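Undergrad: Please see the structure below; I have some questions.
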Amino acid sequence: MTTFKSMFFSLILLAISLTGCRTPPPNGITQVATIDALLTGVYDGHMTLADLHKSGDFGIGTFEALDGEMILLEGHFYQIRSDGRVYHPADSIRTPFACVTWFNPHLQKSITAPINFKQLEKQIDSLVPLQNQFCAFTLRGSFSRVRTRSVPAQKKPYPPLVDVTKNQPVFELGAVRGTLIGFRAPAFVKGINVPGYHLHFLADDRSGGGHVLDFEVTDGTLEVDSVNDWLRVYLPPESQSFGQANLTVDRSSELNAVEK
Ligand SMILES: [Zn+2]
């Protein structure tokens with residue numbers, strides 16, 4: 001009787017765990033608001049990290065009031081503030097701009113000789129030659145140098161991003177192990193996301209990171225996920241600042257100035 005009872009409960013537990021399994025994740029991009037809104041100074045948080053987490057385990061972005069650079073890696077959020085340090089942000093913090101996906105890399109390549117930013121772009125372009133596909137990727141390994149930046153939290157009235165980055169703190173990390181986390185976005189997302197490559201970095205020992213300006217990796221592993229089923233953009237319905245932002249002008253040169 002006892003054995004029968006325990007078998008019965010084991011079956012119930014198995015049934016519960018099976019129904020609790022997530023179906024295979026959809027191969028798409030979810031992003032919060034638009035890059036041009038961020039460029040104009042819309043730094044109000046639109047979505048909590050808890051809600052953003054429902055749409056992916058991998059991504060990059062920033063935080064309410066532009067309080068640092070965001071990394072979402074293996075389901076964990078990291079915040080690199082303007083002091084260069086790595087923080088664990090609360091789930092209740094909101095983001096004005098972020099881009100996430102479920103990371104399921106299907107392409108892998110070993111890096112055995114030193115390469116820089118431009119050479120990494122070429123390697124990913126050769127792995128995923130279709131330029132109108134998004135790619136999400138990581139590069140884990142040993143770096144001889146990584147130059148990153150972060151951005152300081154802003155006060156209202158918020159200045160445009162191009163003014164903030166004129167005084168951005170830049171960090172020179174030398175001889176560090178860590179992970180590049182990035183996206184390649186197609187040209188057609190101009191105004192919505194960052195066309196081309198956008199990378200953030202996180203040191204293995206969590207001693208630093210940020211938005212990547214330049215690097216050289218000496219050896220490591222590149223993993224790439226082409227993400228091409230759909231692009232979903234969250235348009236904050238209640239946000240006055242987003243609703244009123246001037247999104248009629250071409251901000252390509254501003255974007256180039258703040259990203260590079
Ligand atoms: Zn960035």
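The values are calculated or read from the model by the stated rules, or taken from the named source; none is laboratory data. Just so we're clear, the structure is a prediction, and the values are computed from it rather than from any experiment. Backbone-built Cβ (ideal geometry, glycine too); neighbour counts: all protein chains shown. Side chains included, ligands, DNA and RNA excluded: accessible areas come from the protein's heavy atoms. Shrake-Rupley method; radii C 1.70, N 1.55, O 1.52, S 1.80 Å.
Undergrad: Just one of the numbered conditions (1) out of contact with any Ser or Thr (no Cβ under 8 Å at 6 or more places or on another chain); (2) more than 16 Å from the ligand (Cβ to nearest atom); (3) more than 28 Å from TYR87 (Cβ to Cβ); (4) open to solvent by 30 Å² or more (accessible area, probe 1.4 Å) is not true of ASP205; which one?
TA: ASP205 satisfies every listed condition except (3).
Undergrad: Also, I was wondering about something else. Within 14 Å of the ligand (Cβ to nearest atom) and open to solvent by 10 Å² or more (accessible area, probe 1.4 Å), is that true of HIS211? Walk me through it before giving the result.
TA: Values: within 14 Å of the ligand (Cβ to nearest atom): yes; open to solvent by 10 Å² or more (accessible area, probe 1.4 Å): no.
In short, no.
Undergrad: Might you let me know whether the stretch 227-243 holds any residue that is at pLDDT below 95 and open to solvent by less than 50 Å² (accessible area, probe 1.4 Å)?
TA: Yes, some residue in the stretch 227-243 is at pLDDT below 95 and open to solvent by less than 50 Å² (accessible area, probe 1.4 Å).
Undergrad: Hey, VAL164 hits all of (1) out of contact with any Leu (no Cβ under 9 Å at 6 or more places or on another chain); (2) β-branched (Val, Ile, Thr); (3) within 16 Å of the ligand (Cβ to nearest atom) but one; which does it fall short on?
TA: (1)
Undergrad: Among the numbered criteria (1) among the polar types (S, T, N, Q); (2) without any contact (Cβ under 8 Å) to a residue 40 or more places away in the chain; (3) within 15 Å of the ligand (Cβ to nearest atom), which one does SER126 miss?
TA: Here SER126 meets the rest and fails (3).
Undergrad: Just one of (1) closer than 23 Å to THR40 by Cβ; (2) assigned to a loop (DSSP other than H, G, I, E, B) trips up ASP205, so point out which.
TA: (1)
Undergrad: Among the residues in the stretch 220-232, are any within 16 Å of the ligand (Cβ to nearest atom) and in contact with a Leu (Cβ under 8 Å, 6 or more places away or on another chain)? Show your work before the answer.
TA: Just the residues of the stretch 220-232 that are within 16 Å of the ligand (Cβ to nearest atom), to begin with: none.
For the stretch 220-232, residues within 16 Å of the ligand (Cβ to nearest atom) and in contact with a Leu (Cβ under 8 Å, 6 or more places away or on another chain): absent.
Undergrad: Continuing with this model, one more query. Can you tell me which of PRO89, PRO114, PRO105 is out of contact with any Ser or Thr (no Cβ under 9 Å at 6 or more places or on another chain) and either under 26 Å from ASP163 (Cα atoms) or touching a residue at least 60 places away in the same chain (Cβ under 8 Å) (or both)?
TA: Working: PRO114 fails: out of contact with any Ser or Thr (no Cβ under 9 Å at 6 or more places or on another chain); PRO105 fails: out of contact with any Ser or Thr (no Cβ under 9 Å at 6 or more places or on another chain).
Being out of contact with any Ser or Thr (no Cβ under 9 Å at 6 or more places or on another chain) and either under 26 Å from ASP163 (Cα atoms) or touching a residue at least 60 places away in the same chain (Cβ under 8 Å) (or both) holds for just one of PRO89, PRO114, PRO105, which is PRO89.
Conditions (1) open to solvent by 60 Å² or more (accessible area, probe 1.4 Å); (2) within 15 Å of the chain's Cα centre (by Cα), marked per residue:
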{"residue": "PRO114", "(1), (2)": "yes, no"}
{"residue": "VAL128", "(1), (2)": "no, no"}
{"residue": "GLN131", "(1), (2)": "yes, no"}
{"residue": "ARG147", "(1), (2)": "yes, no"}
{"residue": "THR165", "(1), (2)": "no, no"}
{"residue": "VAL176", "(1), (2)": "no, no"}
{"residue": "GLY196", "(1), (2)": "no, yes"}
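Undergrad: Looking at the stretch 203-213, which of the residues that are touching a residue at least 40 places away in the same chain (Cβ under 8 Å) and more than 23 Å from LYS166 (Cα to Cα) is farthest from the chain's Cα centre (by Cα)? Explain how you work it out, then say what you get.
TA: Restricting attention to the stretch 203-213, the residues satisfying the condition of being touching a residue at least 40 places away in the same chain (Cβ under 8 Å) are 203, 206-213.
Checking the rest, the ones that are also more than 23 Å from LYS166 (Cα to Cα) come to 203, 206-207.
Numbers: ALA203: 15, ARG206: 17, SER207: 19 Å.
Only one residue tops the list, namely SER207.
Undergrad: How many residues are in contact with a Leu (Cβ under 9 Å, 6 or more places away or on another chain) and either open to solvent by 80 Å² or more (accessible area, probe 1.4 Å) or β-branched (Val, Ile, Thr) (or both) if we restrict to the stretch 84-109?
TA: Count: 8.
Undergrad: Another question, if that's okay. Quick one: PHE242 ticks every box in (1) in a strand (DSSP E or B); (2) in contact with an Asp or Glu (Cβ under 8 Å, 6 or more places away or on another chain); (3) aromatic (Phe, Trp, Tyr) bar one, so which box is it?
TA: Of everything listed in (1) in a strand (DSSP E or B); (2) in contact with an Asp or Glu (Cβ under 8 Å, 6 or more places away or on another chain); (3) aromatic (Phe, Trp, Tyr), PHE242 misses just condition (1).
Undergrad: Condition (residue is touching a Lys or Arg at 6+ places or on another chain (Cβ under 8 Å), modelled with pLDDT of 95 or more and in a loop (DSSP other than H, G, I, E, B)) applied to the stretch 187-200: is it met by at least one residue?
TA: Yes, the conditions are met somewhere in the stretch 187-200.
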